[in-house]
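Working notes for the structure below.
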Amino acid sequence: MKTGKFALVYPTGNFAALLFVLAAMWYAASSQNSPAIYLLLFGLTAVFLVSIPHTLLNLADVTIATESAKPAFAGQEVSLPVAIMNCSRATRRGIQLVLPTRGGERKHVDFIAAGKAARVTLRFPAKQRGEHRIGTLRLTSIYPLGFVRVLKKFAPSQTYLVYPKPSGDPRLPMHRARLPHSRPQTELGEGDDFAGVRAYVPGESQRHIDWRAVARGQPLITKQFAAEAEGSVHLDFSALRFHDAEQRLSQLAMWVIEAERARRPYSLRLPNTDIAPAVGEAHFHRCMRALSLFQGEEGPRP
């Protein structure tokens, strides 16, 4: 992670208001020759001057460490866990973490004990599929009196993935690629009999979520049903009739989610990419990553 060697300092609106008050007090004291007003003027000036080094020191030896952001679908939110670490021997107070390039998301931390860390999660919209850099993070503080703002910039090297937004027909294509010597097998899909539950995959249809379990405080889980299937589902970018590449990617993303939900082995073919049939979380994210990073366009087959 790259960061500047020195913190930047800016005056705030409170600073301008303080200057106005001090100027008014000085005028009143000089015109009336009042020792009491002079004493109050010098007292406020001293408090202001003493507060500045406290503000500057509040971010000394404070740094951040970003964790990996989980992939999100376009239109959803990206969650970025960040640890604000206080490496000094004094408590730091009134710190804000800001991500200005992603909608101005900010998190406020009241205090961080010496040698400790505070964990926060920045959330910002995932607008477009692909791999993106996190952008510049900023730590700011106006503690204790708010007359000046101290700022430190950090440039994390991490990136995050945005998967295509799933849309289109949720029904899996009828064409299936049969493996040699494959036998009919029982898969999990839109069948007749209940066959258990599994973890909810973000982006899939919510109609099979076990809402009763959610009401009991359990995480999102999806009901599964047994169905008869033969071979594996073959998902081919070139076989789709959409002229727009993004529509094809969205449809393929929908099918990947549905095939994974049904626990039905599926393959994925893109120009210059061919992923063999499989099922499971690792295979799911491999296919979604391929869809996310897809570049180029191929016209539909005649």
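The values are calculated or read from the model by the stated rules, or taken from the named source; none is laboratory data. Just so it is clear, the structure is predicted and the values come from calculations on it, not from any experiment. Using ideal geometry, Cβ is built from the backbone for each residue, glycine included, and neighbour counts are taken over all protein chains shown.
General observations
- Residues that are within 19 Å of M174 (Cβ to Cβ) and assigned to a strand (DSSP E or B), drawn from the stretch 251-290: Y266, S267, L268, R269, P277
- Inclusion of E77 among residues that are closer than 25 Å to Y163 by Cα, of a type in the set (D, E) and out of contact with any Ser or Thr (no Cβ under 8 Å at 6 or more places or on another chain) is warranted.
- Filter result for the condition that a residue is at pLDDT 90 or above and either under 48 Å from the mean Cα position of the chain (by Cα) or not assigned by TED's automatic domain parsing to the domain that holds L139 (or both), over F15, F42, F20: F20
- Residue within the stretch 99-116 that is touching a Gly at 6+ places or on another chain (Cβ under 7 Å) and among the aliphatic types (A, V, I, L, M) present: yes
- In this entry, E105 passes the filter for residues that are in contact with a Leu (Cβ under 7 Å, 6 or more places away or on another chain) and of a type outside the set (S, T, Y).
- Complete set of residues in the stretch 11-34 that are in contact with a helix residue (DSSP H, G or I) (Cβ under 8 Å, 6 or more places away or on another chain), over 23 Å from L151 (Cβ atoms) and assigned to a helix (DSSP H, G or I): V21, L22, M25, W26, A28, A29
- Strands (runs of 3 or more DSSP E) (entirely within the stretch 39-131) containing at least 2 residues that are polar (S, T, N, Q), more than 30 Å from Q247 (Cβ to Cβ) and in contact with a strand residue (DSSP E or B) (Cβ under 9 Å, 6 or more places away or on another chain): 62-66
- Residue check, R269 within 13 Å of P164 (Cα to Cα) and touching a helix residue (DSSP H, G or I) at 6+ places or on another chain (Cβ under 7 Å): no
- The set of residues in the stretch 270-284 being within 20 Å of F73 (Cα to Cα) and in contact with a Ser or Thr (Cβ under 9 Å, 6 or more places away or on another chain) consists of L270, V279.
- Filter result for F124 (touching a Lys or Arg at 6+ places or on another chain (Cβ under 6 Å) and either charged (D, E, K, R) or over 23 Å from V162 (Cα atoms) (or both)): no
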